[in-house]
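The values are calculated or read from the model by the stated rules, or taken from the named source; none is laboratory data. Bear in mind the structure is a predicted one, so any value in this text is a computation, not a measurement. Positions of Cβ are backbone-derived with ideal geometry, glycine not excepted, and every protein chain shown enters the neighbour counts.
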Amino acid sequence: MRGRLKKGPRLGDVAAIGDWVKLTLLPDGSGMIEEIEPRLRTLSRKAPTPQGEYEQIIIANPDQAVLVFACAQPEPRLGMLDRYLVICERQGIPALILVNKVDLLPLEHAQQTFDLYRGLGYGVLYVSAKTGYSLETLHEHLKGKISVFTGPSGVGKSTLLKCLLPEWEREIAEVRRRVYKGRHTTVRREMHPLPEGGYVADTPGLKALALWDIEPEELDGYFVEIRELVKECAFSDCTHLHEPGCSVRQAVEEGKIHPSRYQSYLRLRFGEEGDEIRV
């Protein structure tokens, strides 16, 4: 990478996986990045360091985000899922919610947890990397697109990718043995071509997902079921917490907004105080 691209103080990476770049081919077959094209969208999170907070770009320019969660082992973290969806709404990234490990419990139990998102207009696909359930359907969702697999730790992203990319598993086996001492968890972000066309990016499992460049006052615009009701509130600056004439609180009381989604909004809007507010 040209030195001019690295100039100035910077906490994060200059280039990110998914970037479109202009490069010069070198005699040894490698390349020198000359220019990074403007990004159309990014899936990012806020990452703290001793030097301060910075934008950690999970992937740039994806066609879709595949949000991988398990229906059990570990238990679903719906608060994190809601954070992902807020980021996707903010950036205009289509989201597919991929529910793995449906072999661990009856499918209807998983549907009781995740079908509320289908009702909000998000794609939800139930799969099992262990049994192969619905993996062919997953292939169809990925075909011809740049997709990123992301989600919390332990939900089976790497196992799913082994099913989708058998060649990838063989290629990285030696690298893991030599470099990562045989560890089978993803420790870096990588992009791989799909046999049927398109690319899939694998990312390390996340323990936390903090929002980047999203103000608390904007949040009601990124919860799709709340966004539709905001214009009906009595006050234009309604926080949907205690104001009279709030159409959002009325919808929660009438069961039109799921309590877990409203709680996620409160937690993101008011921080720790939101956890103490009873729905």
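Counted as qualifying within the stretch 48-167 are the helices (runs of 4 or more DSSP H) with 2 or more residues that are free of Cβ contacts under 8 Å to residues at least 24 places away in the same chain and among the acidic types (Asp, Glu), namely 107-119, 135-142.
This table checks each residue for (1) of a type outside the set (A, V, I, L, M, F, W, C); (2) in the same structural domain as LEU160 (by TED's automatic domain parsing); (3) surrounded by fewer than 22 Cβ atoms within 10 Å (Cβ to Cβ).
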| residue | (1), (2), (3) |
| --- | --- |
| PHE69 | no, yes, no |
| GLY79 | yes, yes, yes |
| ILE87 | no, yes, no |
| LEU96 | no, yes, yes |
| HIS109 | yes, yes, yes |
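If you go through the stretch 33-72 and keep only what is more than 12 Å from the chain's Cα centre (by Cα) and of a type in the set (D, E, K, R), you end up with GLU34, GLU35, GLU37, ARG39, ARG41, LYS46, GLU53, GLU55, ASP63.
Does ILE17 satisfy being touching a residue at least 24 places away in the same chain (Cβ under 8 Å), part of a strand (DSSP E or B) and of a type outside the set (Ser, Thr, Tyr)? So ILE17 does not fit the description; no. The single condition among (1) touching a strand residue (DSSP E or B) at 6+ places or on another chain (Cβ under 6 Å); (2) surrounded by fewer than 12 Cβ atoms within 10 Å (Cβ to Cβ) that LEU209 does not satisfy is (2). In the set (1) assigned to a helix (DSSP H, G or I); (2) of a type in the set (Gly, Ala, Ser); (3) under 19 Å from the mean Cα position of the chain (by Cα), ALA251 fails one condition alone, (3). Checked against (1) outside the structural domain of LEU161 (by TED's automatic domain parsing); (2) within 19 Å of THR203 (Cα to Cα), GLU34 passes all but a single condition, namely (2).
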